[in-house]
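Asks: Before I ask anything, let me first share the structure, which is written out below as C-alpha cells.
The values are calculated or read from the model by the stated rules, or taken from the named source; none is laboratory data. Note that this is a predicted model, so its numbers are computed, not measured. Methodologically, a virtual Cβ is constructed for each residue, glycine included, from the backbone with ideal geometry; neighbour enumeration extends over all protein chains shown.
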Amino acid sequence: MVDILEKLTIVVKRGKADKNSPYPPDLKGQDGADELTAEALKMGFTPDEVLQKALVKGMHLIGEDFSAGRAFVPEMLMAAKAMKAAMKHIEPFFKSGSVKQKGTVIMGTVQGDLHDIGKNLVAMMIEGAGWKVVDLGSDTSFEKFLAALEEYPDAIVGMSALLTTTMVNMKGITEKIKEVSPKTIVMVGGAPLSQDFCTQIGADFYSPDPQGATEYLDALVKSA
Amino acid sequence: MKDHFTVHLEPLGKKVEVPEGTPLKDVLFSYGVEFPCGGKGICGGCRVKVLKGDVSFDERHRSLLEKLNLDFSWRLACQSYVTGDVTLEIGQFDTFILADSSPFLFKPQEGYGIAFDLGTTTMVTQLVNLKTGKVIGVETAVNPQAQHGADVISRIEYAVLQDGQATLTRLVREKFATMIHRLIRKAGGIAPEKIVVVGNTVMHHLFCGRDLTPMASYPFETPEGGACHFTPEELGLKTDDHTDIEFLPVLGSFVGSDILAGILATGMAESKDPLILVDLGTNGEIVVGNRDRILCASTAAGPAFEGTNIHMGMRATTGAISSVTRSEEAIRVHIIGNEKARGICGSGLIDAIAVFLETGKIDIGGRIKGESGRIDLTPEVFLTQKDIRELQLAKGAVASGIQILRETLGFAPEDIRNVYVSGAFGSFINLENTRRIGLLKYPADKIIKMGNTALLGAKMSLFENGDKIRDILQKTIHLSLETNPDFQDIFAENMIF
C-alpha cells in the first residue's frame, strides 16, 4: 500500500486540502491531504515517512512547476493549504521529538514594506521542505529579527521586499545582524532584487524563486 | 497615390501626418477626445465635422448618422478611417460629454480657465472658454520626469534615495510652463482666470515641491497632500498676475487628485445608487461609494495594462496591437496606425488572453498549453508565459480591490449601478473580454468607459466654487487593502481566469 503516499503527494501538489474543499474541481468529493495523512499514519507509515515521501515531495513538485512557469501564485497557495491540513497530523510528533525538522528559518517582509504574499509563498515552501518557519509578518524591524534570533540562535534569516524604495532597508538590517551574530546566514528575495544587490548589501544568498531558497537550505544541511 | 495623408484638427490647429487607412479614433485619442460609448457608433460623442477634404463612409455609417440626426457633413470618428487629406472640427469640444452622454451643466462665467492633468507618463491640458464651456485649445506632452523612471515608485526612489527631488520638480514645472505658454499664445494671448491641476500623489508632491519621503515606505502617509496654490510668478509663468493656480488635494496614500477629479466627473458623491470608478493605470486606483460614504484604495496592479513588464508590451501608440478577435479558426489583430505590428498594448493583451482562454490555448490557471511557452500573434509579436502571469497579478489586484471595498461598504454586486472605467487605455478595451478574464466582473451594460476622468473632473472644477470638492474630501476614506486579513485569499482567487 505504498500508493497512499503517492496519492498524498498528488493532492498536496494539486492543492486538495480535504474532502469538502471545492478546489481543484476535478477532484471534487475525493479525499484530500487531511484524510490521506490520517489514513497513512493509521496504516503504520511513520510521521517522518509521510513527511518526506509525500508532503515534502508534493511541495517540491509544485515548487518546480512554479519555477518553470507551469503553476502560479493561486496554485502555490492552494498547495500550501493542503500542506497545512496534512501538517496538523504531523505537528504533534515534532513536539514529541519523533520527527526532526531540518532547522529554523526566521522570515519577515522588511521594515517599511507591507507586501507579504511573496514572503508567505517562500515561507510555505520552506516549511514544506521540512523546516520550522518563524514568520514575523510584514514591516519587520531589526529589533524584531533580533528578538527572534535570541530565541532561535541557530536560525537562518530570510528577508523580502517588493518595492525599490524599501529593499534598501535590507542593507542596514543585514549589517546589524552580521554585527551581533556573524555566523547567521541571511537570505534575501523579492521582485526588485538581484544577485548584485544581495552581494552589495552583504547578504549570503539570493534566489529569484522559492525553489532556489529550499535547494540552498537543503545544501546547507548536507554540507553541515 | 500618396500613402500618407494630413489630418488638420480644428479648433486645435493641429496637423498630423498618418498612413492611409488609419482609424480616426487612433488620431483623436491622444488629444483628449473621449469615446463615450466605447466606439460602437451609437452615442455620437466623437462626431467630427468635415470642413475640407473628405472621409469616406459607408451605408452603415450613413444610417448611424441618420439615427443621431446628424447631417452628412458629420462623421463618427470611431467609425472612420483616413482616406485623404482632410480638415476636421472636433464636435465634442463644444460641450463636455459626461459618462451617460449628457452634457455637463455649467454656470457660464467670464474669462478662460485651464484644466491640467499631470500624469506619470503623459501631460494633457485644455483651455476652456468659461462663458461657452468650449474647449478652445489643447496641448499634450510626455512627462519629462520619465527619463528618471517609468512608474511612481521609481520616481520616489529617484527623489528620495538619489536626492533627485529638486530635479524632478524643476523638470515638470518647466514643461508645465511651456505647455501653458503655448496654449495661451495660440489663443491670442488671453489671461486665464484659473488653472486647475490634478495628478496622482507622487505628481502632486513633485509639482508642489513637497517631501516625498513618507511615500517611500509603510504606512505611505501623505501629511502634505493638501491643495497647493501658486502665483504665476512662482511657477515661472508669464501671464497675468491674477491667475490662480491650484493643484487639487490628494485623497490619501497613493490615491491622488486625479481620482478626486474622477469622483467629481462621475457624480458619485451625489448619487443615491452605489457607483464604482476604476482607473486602470500602474496604480490601479479604485473608488466605490455613493452620496453617503466613499472608499478608495490603490492596488499595486503593476504596469501590465500600460505594456510595461510585458515582453513585447508597448503603450497604445502606432504599431501596437490594440485588439485581437477570432472568427472561425482565424485570429485577427488590429494594429494602431495600420502599420506593421511592433508590440502589444493593454487592450490587445486582454483581448488576446480572452481569445486564447476560449480556444483552450490558455487554461484557467493561466498556463499556456504545449511546450513552446509562447503564443504567436503576428510574425513579429508573441506573448510569453510571464506576460500572462503579469496580467494575472494586475487583474487579480484590481478585482480584489473592487471586491474588498464593495464588501466593506456592504454592497452586493447587483447593488452597483455603474462601473466607470478611466485611464489611458480604458477607451480601447473590449468590455466582454474584460469580464471574460475576470478584471471587471460586471455586465457589460453596467460598465461605462469614461476616458480621461481626471481631465474631465479638472475642467468641471473650473466652474466650481470648491463646495463639491470639499464634500468629496469629507465623504472619502482611504483603505489599505493589504491590511485586510483575507487579502491574500481574495487576491489568489481573483488571479484565476
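Asks: With the structure loaded, tell me whether B:ASP351 is of a type in the set (D, E, K, R), within 12 Å of chain A (Cβ to nearest Cβ), crowded, with 22+ Cβ neighbours inside 10 Å and in a helix (DSSP H, G or I) or whether it fails that test. Give the derivation first.
Replies: Working: of a type in the set (D, E, K, R): yes; within 12 Å of chain A (Cβ to nearest Cβ): no; crowded, with 22+ Cβ neighbours inside 10 Å: yes; in a helix (DSSP H, G or I): yes.
In short, no.
Asks: Output the number of residues of region A:46-74 satisfying the condition of being part of a helix (DSSP H, G or I) and over 15 Å from the mean Cα position of the chain (by Cα).
Replies: Looking only at that region, the number is 8.
Asks: Quick check, is B:GLU157 assigned to a strand (DSSP E or B) and among the acidic types (Asp, Glu)?
Replies: When the stated conditions are applied, B:GLU157 does not pass them.
Asks: Can you find even one residue in region B:284-293 that is within 30 Å of B:THR384 (Cα to Cα), outside any loop (DSSP other than H, G, I, E, B) and touching a helix residue (DSSP H, G or I) at 6+ places or on another chain (Cβ under 7 Å)?
Replies: As a first pass, look at region B:284-293 and keep what is within 30 Å of B:THR384 (Cα to Cα): B:284-286.
Now drop any that are not outside any loop (DSSP other than H, G, I, E, B), which leaves B:285-286.
Among the residues that remain, those that are also touching a helix residue (DSSP H, G or I) at 6+ places or on another chain (Cβ under 7 Å) are: B:285-286.
Looking for residues that are within 30 Å of B:THR384 (Cα to Cα), outside any loop (DSSP other than H, G, I, E, B) and touching a helix residue (DSSP H, G or I) at 6+ places or on another chain (Cβ under 7 Å), one finds at least one in region B:284-293, hence yes.
For every residue, the table says whether it meets (1) within 14 Å of chain B (Cβ to nearest Cβ); (2) at pLDDT 95 or above; (3) more than 21 Å from A:GLY63 (Cβ to Cβ).
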site: A:LEU163; (1), (2), (3): yes, no, yes
site: A:GLU179; (1), (2), (3): no, yes, yes
site: A:GLY189; (1), (2), (3): no, yes, no
site: A:PRO192; (1), (2), (3): yes, no, yes
site: A:ALA203; (1), (2), (3): no, yes, yes
site: A:PRO208; (1), (2), (3): yes, no, no
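Asks: May I ask you to say which residue of A:ALA82, A:ALA86 is more than 14 Å from every other protein chain (Cβ to nearest Cβ) and either under 23 Å from A:ILE10 (Cβ atoms) or surrounded by fewer than 22 Cβ atoms within 10 Å (Cβ to Cβ) (or both)?
Replies: Only one candidate passes the filter, namely A:ALA86.
Asks: Then there is this: Does B:GLY267 count as on the phi > 0 side of the Ramachandran plot and at pLDDT below 95?
Replies: The answer is yes for B:GLY267.
Asks: Can you find a residue in region B:140-151 that is under 19 Å from the mean Cα position of the chain (by Cα), within 14 Å of chain A (Cβ to nearest Cβ) and not in a strand (DSSP E or B)?
Replies: yes
Asks: Looking at region B:429-448, is at least one residue closer than 29 Å to B:GLY137 by Cβ and not β-branched (Val, Ile, Thr)?
Replies: No, region B:429-448 has no match at all.
Asks: How about region B:410-497: which strands (runs of 3 or more DSSP E) wholly inside it have at least 2 residues that are within 23 Å of B:ASP351 (Cβ to Cβ), more than 14 Å from every other protein chain (Cβ to nearest Cβ) and of a type in the set (Val, Ile, Thr)?
Replies: Here the list reads B:418-422, B:447-451.
Asks: Let me ask something else. Among what's in region A:114-141 and is of a type in the set (Val, Ile, Thr) and either touching a His at 6+ places or on another chain (Cβ under 6 Å) or assigned to a helix (DSSP H, G or I) (or both), pick the residue that is surrounded by the most Cβ atoms within 10 Å (Cβ to Cβ).
Replies: Looking at the filtered set, the residue picked out is A:VAL122.
Asks: Looking only at region B:335-346, filter to residues that are more than 17 Å from B:PHE382 (Cβ to Cβ) and outside any loop (DSSP other than H, G, I, E, B); which one of those is farthest from the chain's Cα centre (by Cα)? Before you say what the answer is, go through the steps one by one.
Replies: Applying the first criterion (more than 17 Å from B:PHE382 (Cβ to Cβ)) to region B:335-346 yields B:336-339.
Right, trim to outside any loop (DSSP other than H, G, I, E, B) and you get B:336-338.
Details: B:ILE336: 17, B:GLY337: 19, B:ASN338: 22 Å.
So the residue we want is B:ASN338.
Asks: Sticking with this structure for a sec: Look through region B:17-41, keep the residues that are among the β-branched types (Val, Ile, Thr) and part of a loop (DSSP other than H, G, I, E, B), and return whichever of them is modelled with the highest pLDDT.
Replies: B:THR22
Asks: Hey, among B:SER461, B:SER480, which residue is assigned by TED's automatic domain parsing to the domain that holds B:ILE294 and crowded, with 17+ Cβ neighbours inside 10 Å?
Replies: B:SER461
Asks: Mind checking which residues of region B:376-388 are free of Cβ contacts under 8 Å to residues at least 24 places away in the same chain and surrounded by fewer than 18 Cβ atoms within 10 Å (Cβ to Cβ)?
Replies: B:ASP376, B:PRO379
Asks: Residues in region A:96-113 that are in contact (Cβ under 8 Å) with a residue 60 or more places away in the chain, assigned to a loop (DSSP other than H, G, I, E, B) and more than 14 Å from chain B (Cβ to nearest Cβ): how many?
Replies: Summing the residues that are in contact (Cβ under 8 Å) with a residue 60 or more places away in the chain, assigned to a loop (DSSP other than H, G, I, E, B) and more than 14 Å from chain B (Cβ to nearest Cβ) in region A:96-113 gives 2.
Asks: Among what's in region A:66-79 and is at negative phi and free of Cβ contacts under 8 Å to residues at least 40 places away in the same chain, pick the residue that is farthest from the other protein chains (Cβ to nearest Cβ).
Replies: The initial filter retains those residues of region A:66-79 that are at negative phi, namely A:66-68, A:70-79.
Those still in the list that are free of Cβ contacts under 8 Å to residues at least 40 places away in the same chain too: A:68, A:70-72, A:74.
On the way: A:ALA68: 9, A:ARG70: 6, A:ALA71: 7, A:PHE72: 6, A:PRO74: 4 Å.
Only one residue tops the list, namely A:ALA68.
Asks: Give just the number: which of (1) assigned to a loop (DSSP other than H, G, I, E, B); (2) touching a Phe, Trp or Tyr at 6+ places or on another chain (Cβ under 6 Å) does A:LYS16 not satisfy?
Replies: All conditions are met except number (2).
Asks: Let me ask you something else. Of all residues in region B:180-203, how many are touching a residue at least 60 places away in the same chain (Cβ under 8 Å) and outside any loop (DSSP other than H, G, I, E, B)? Can you show your working first?
Replies: Going through region B:180-203, the residues touching a residue at least 60 places away in the same chain (Cβ under 8 Å) turn out to be B:180, B:183, B:186-187, B:190-200, B:202-203.
When the remaining residues are screened for being outside any loop (DSSP other than H, G, I, E, B), the result is B:180, B:183, B:186, B:194-199, B:202-203.
Total meeting the criteria: 11.
Asks: Mind counting the residues in region B:220-260 that are in a strand (DSSP E or B) and modelled with pLDDT under 95?
Replies: Counting residues in region B:220-260 that are in a strand (DSSP E or B) and modelled with pLDDT under 95 gives 2.
Asks: Name the one entry in B:ILE321, B:ILE263, B:ILE310, B:ILE276 that is buried (at least 20 other Cβ atoms within 10 Å of the Cβ), in a loop (DSSP other than H, G, I, E, B) and either in contact (Cβ under 8 Å) with a residue 40 or more places away in the chain or not assigned by TED's automatic domain parsing to the domain that holds B:VAL16 (or both).
Replies: B:ILE310
Asks: Any chance you could count how many residues in region B:107-125 are buried (at least 16 other Cβ atoms within 10 Å of the Cβ), in contact with a Phe, Trp or Tyr (Cβ under 8 Å, 6 or more places away or on another chain) and polar (S, T, N, Q)?
Replies: Going through region B:107-125 one residue at a time, the tally reaches 1.
Asks: Among the residues of region B:355-375 satisfying the criterion of being among the β-branched types (Val, Ile, Thr) and outside any loop (DSSP other than H, G, I, E, B), which is surrounded by the fewest Cβ atoms within 10 Å (Cβ to Cβ)?
Replies: Going through region B:355-375, the residues among the β-branched types (Val, Ile, Thr) turn out to be B:355, B:359, B:362, B:364, B:368, B:375.
Adding the requirement that they be outside any loop (DSSP other than H, G, I, E, B) leaves B:355, B:359, B:362, B:368, B:375.
Details: B:VAL355: 23, B:THR359: 12, B:ILE362: 23, B:ILE368: 20, B:ILE375: 23.
Top of the filtered list is B:THR359.
Asks: Moving to a separate point now. Just for region B:251-260: of the residues that are crowded, with 24+ Cβ neighbours inside 10 Å and of a type outside the set (Asp, Glu), which one is farthest from the chain's Cα centre (by Cα)? So that I can check it myself, show each step before the final result.
Replies: Restricting attention to region B:251-260, the residues satisfying the condition of being crowded, with 24+ Cβ neighbours inside 10 Å are B:251, B:254-260.
After this cut, where a residue has to be of a type outside the set (Asp, Glu) as well, the list is B:251, B:254-257, B:259-260.
Working: B:LEU251: 18, B:PHE254: 17, B:VAL255: 15, B:GLY256: 14, B:SER257: 14, B:ILE259: 11, B:LEU260: 14 Å.
Checked region B:251-260; the qualifying residue farthest from the chain's Cα centre (by Cα) is B:LEU251.
Asks: Would you be able to say whether some residue in region A:175-185 is surrounded by 19 or more Cβ atoms within 10 Å (Cβ to Cβ), more than 17 Å from the chain's Cα centre (by Cα) and under 28 Å from B:PRO303 (Cβ atoms)?
Replies: Scanning region A:175-185, I find no residue that is surrounded by 19 or more Cβ atoms within 10 Å (Cβ to Cβ), more than 17 Å from the chain's Cα centre (by Cα) and under 28 Å from B:PRO303 (Cβ atoms), so the answer is no.
Asks: Need the failing condition index for B:GLY366 against (1) at pLDDT 95 or above; (2) away from every other protein chain (no Cβ under 12 Å), just the number.
Replies: All conditions are met except number (2).
Asks: Working only within region A:22-45, note down all residues that are of a type outside the set (Lys, Arg), part of a loop (DSSP other than H, G, I, E, B) and without any contact (Cβ under 8 Å) to a residue 24 or more places away in the chain.
Replies: Of everything in region A:22-45, those that are of a type outside the set (Lys, Arg), part of a loop (DSSP other than H, G, I, E, B) and without any contact (Cβ under 8 Å) to a residue 24 or more places away in the chain turn out to be A:PRO22, A:GLY29, A:GLN30, A:GLY44.
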